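Trainee: Sharing a structure below in structure tokens format, with a few things to ask.
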Amino acid sequence: MNKPSILVARAIFPETVARLEQHFDVSSNQADALWDRATLIEKLRGKAGVFTTGGERIDAELLAACPELRICANMAVGYNNFDLAAMTAAGVLGTNTPDVLTETTADFGFALLLATARRLTESEHFLRAGQWNKWAFDMFAGAEVNGSTLGILGMGRIGQGIARRGAHGFGMNVIYHNRSRLDAATEADCKARYVDKATLLREADHLVLVLPYSPASHHAIGAAELAQMKPTATLVNVARGGIVDDAALAQALRERRIAAAGLDVFEGEPRVHPDLLTVPNVVLTPHIASATVRTRRAMADLAADNLIDFLTQGQAKTPLNPEAMAGARR
Ligand code: 8YV
């Protein structure tokens, strides 16, 4: 029997490609060329599955051009690159990689919070530039983390991980806002108190964004929201570009309307708003919150499992639109 054909759209671990090759006729982009959309569609022709990594837009137009496609397996927990309604309508399954990256991403969110509050990169740049020639009582004095108020916008698995780190590790007072309130046991575990968004903005000493990106969360933090925050507050975004209005944030940082920001994600990344590159009070990292070797392997394994399980047995470990499995394209 002929093996199904799949496409791996970006470079991934060679071991993952080798594993996929045991089940599929694999075309892979191990050269990691950045394909434009027309090229992606061209490469997808005749493929039953695609291994995506979060940047490939899967929508009605692409699905119509690729009638053999049955599954898109994202190596990411976020799936805002998928038009899930269009995929369901076309009978195409989408999968993501939840859970395996939760603790690693929460670690990074907390690291970015600490680095931002305690001015880690700004002070390192100062030292590297040879400017450290004496002690000063207020040199790089930052914001207190322990015992302060940690605000979390978006209280899913990663938000809860950050809350637990703050509450149990740093004695922080944790408040959160989310579309739906957590059950009492989870709130107790995270030592977190539910508040409305205005209270969250007003009371947080450190505000961490961990909500999914959708049209509803576009610019959830813009000029108006920044204006409600404390002038001493820090803002951390480990969620998605587009949730923060980067131009408004750069202006607020420049005018010290908030103290500092830590950003792992950007609108239009890998481009970064030029104003963010010139303000000192921001810590910038290139979307690496899930980037440990073990976690990236676990993400790749789970995405590969989904392709293998679905195309060989009609099942998937982490389906996003399980209803598409029943009416899936054959
Ligand atoms: C990924 C992420 O590394 O999982 C997500 O949603 O943002 C990151 O862990 C990124 O999407 C590329 O795969």
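The values are calculated or read from the model by the stated rules, or taken from the named source; none is laboratory data. Bear in mind that the values here come from a model prediction, so they are computed numbers and not experimental data. Here the Cβ is made from the backbone with ideal geometry for all residues, glycine too, and neighbour counts use every protein chain on show. These accessible areas exclude ligands, DNA and RNA; they are computed on the full protein's heavy atoms, side chains included. Shrake-Rupley method; radii C 1.70, N 1.55, O 1.52, S 1.80 Å.
Trainee: Considering the dipole of the chain built from charges on the beta carbon (Lys and Arg +1, Asp and Glu -1) around the Cα centre, which of 174, 209, 96 is farthest to its positive end?
Mentor: Toward the positive end, the furthest listed residue is 174.
Trainee: Okay, moving on. Within segment 95-143, which trypsin sites (Lys or Arg not before Pro) sit in a loop by DSSP and count at most 11 neighbouring Cβ atoms inside 10 Å? Walk me through the numbers before you get to the answer.
Mentor: Values: sites: 118, 119, 128, 134; in loops: 118, 119, 134.
In loop regions of segment 95-143 (DSSP not H, G, I, E or B), the sparsely surrounded trypsin sites (Lys or Arg not before Pro) are 134.
Trainee: For segment 229-330, state which GluC sites (Glu not before Pro) are in a DSSP loop and have at most 14 other beta carbons lying within 10 Å of their beta carbon.
Mentor: Details: sites: 255, 267, 323; in loops: 255, 267.
Sparse-neighbourhood loop GluC sites (Glu not before Pro): 255.
Trainee: Based on Cβ point charges of +1 for Lys and Arg and -1 for Asp and Glu, what charge dipole magnitude is obtained for the chain about its Cα centre, in debye rounded to the nearest 20? Present the calculation step by step, with values, prior to reporting the outcome.
Mentor: Values: 34 positive and 36 negative charges, 47 e Å.
The calculation lands at about 220 debye.
Trainee: Taking only DSSP H segments of four or more residues, each worth -39500 (n - 2.57), what value at 222 nm results for the chain once the sum is divided by all its residues, to the nearest 500 deg cm²/dmol?
Mentor: -10000 deg cm²/dmol
Trainee: Using a 1.4 Å probe over the heavy atoms of the protein chains, calculate the carbon and sulfur portion of the accessible area of the chain as a whole percent. Numbers along the way, then the final one.
Mentor: Numbers: 8230 of 15320 Å².
Carbon-and-sulfur percentage of accessible area, whole number: 54.
Trainee: With axes computed from alpha carbons, what is the tilt in degrees of helix 102-117 against the longest principal axis of the chain, rounded to the nearest 10 within 0 to 90?
Mentor: 30
Trainee: How high is the relative contact order of the chain, in percent, counting Cα pairs under 8 Å that sit 6 or more residues apart?
Mentor: On the way: 654 pairs, mean separation 64.2, N = 330.
Relative contact order comes out at 19 percent.
Trainee: Leaving ligands, DNA and RNA out of it, work out the accessible area of residue 317 with a 1.4 Å probe and give it in Å² to the nearest 10.
Mentor: Rounded to the nearest 10, that gives 110 Å².
Trainee: Antiparallel versus total DSSP beta bridges in segment 102-284: what percent is that, nearest 5? Provide the component values of the computation, followed by the final result.
Mentor: On the way: 0 of 24 bridges.
Counting only bridges with both partners in segment 102-284, antiparallel ones make up about 0 percent.
Trainee: Take the alpha carbon atoms of segment 284-315, find their center, do the same for segment 239-270, and report the distance between the two centers in whole angstrom.
Mentor: 28
Trainee: In addition: Go ahead and set up a Gaussian network model of the chain, Cα springs under 10 Å, then flag whichever of 254, 297, 271 fluctuates most.
Mentor: Per the Cα network of the chain with a 10 Å cutoff, 271 tops the list.
Trainee: Under 29 Å from the Cα of residue 317, which lysines turn up, not counting those fewer than eight places away in the same chain?
Mentor: Within reach: 3, 43, 47.
Trainee: Size of the dipole of segment 168-252 about the Cα centre, Lys and Arg at +1 and Asp and Glu at -1 on the beta carbon, nothing else charged, in debye to 20?
Mentor: Details: 8 positive and 9 negative charges, 14 e Å.
Charge dipole of segment 168-252: 60 debye, to the nearest 20.
Trainee: GNM, the chain, Cα, under 10 Å: largest mean-square fluctuation among 39, 234, 16?
Mentor: Most flexible of the set in this elastic network: 39.
Trainee: While we're looking at this one, here's another question. Bin width 10 Å, origin at 0, all Cα-Cα pairs of the chain: what percent of pairs per bin?
Mentor: In order of increasing distance, the bins hold 6, 24, 29, 22, 14, 4, 1, 0 percent.
Trainee: Quick check for you: with a 1.4 Å probe and neighbouring chains kept, what is the accessible area per residue of segment 118-275, in Å²? Numbers along the way, then the final one.
Mentor: Working: 7850 Å² over 158 residues.
On a per-residue basis, 50 Å².
Trainee: Stokes-Einstein diffusion coefficient for segment 240-330 at 20 °C in a medium of 1.002 mPa s, Rh from the Kirkwood formula over Cα pairs: what value in µm²/s? Don't skip to the answer; put the middle values down first.
Mentor: Numbers: Rh = 16.2 Å.
Once the numbers are plugged in, D ends up at 132 µm²/s.
Trainee: Among 175, 71, 41, which one shows the highest mean-square fluctuation when the chain is modelled as a Gaussian network with alpha-carbon springs under 10 Å?
Mentor: Maximum fluctuation in the GNM of the chain, among the listed residues, is at 41.
Trainee: While we're looking at this one, here's another question. For 23, 206, give me the order by solvent-accessible area with a 1.4 Å probe, most accessible first, ignoring ligands, DNA and RNA. Walk me through the numbers before you get to the answer.
Mentor: Working: 23 65, 206 0 Å².
Descending order: 23, 206.
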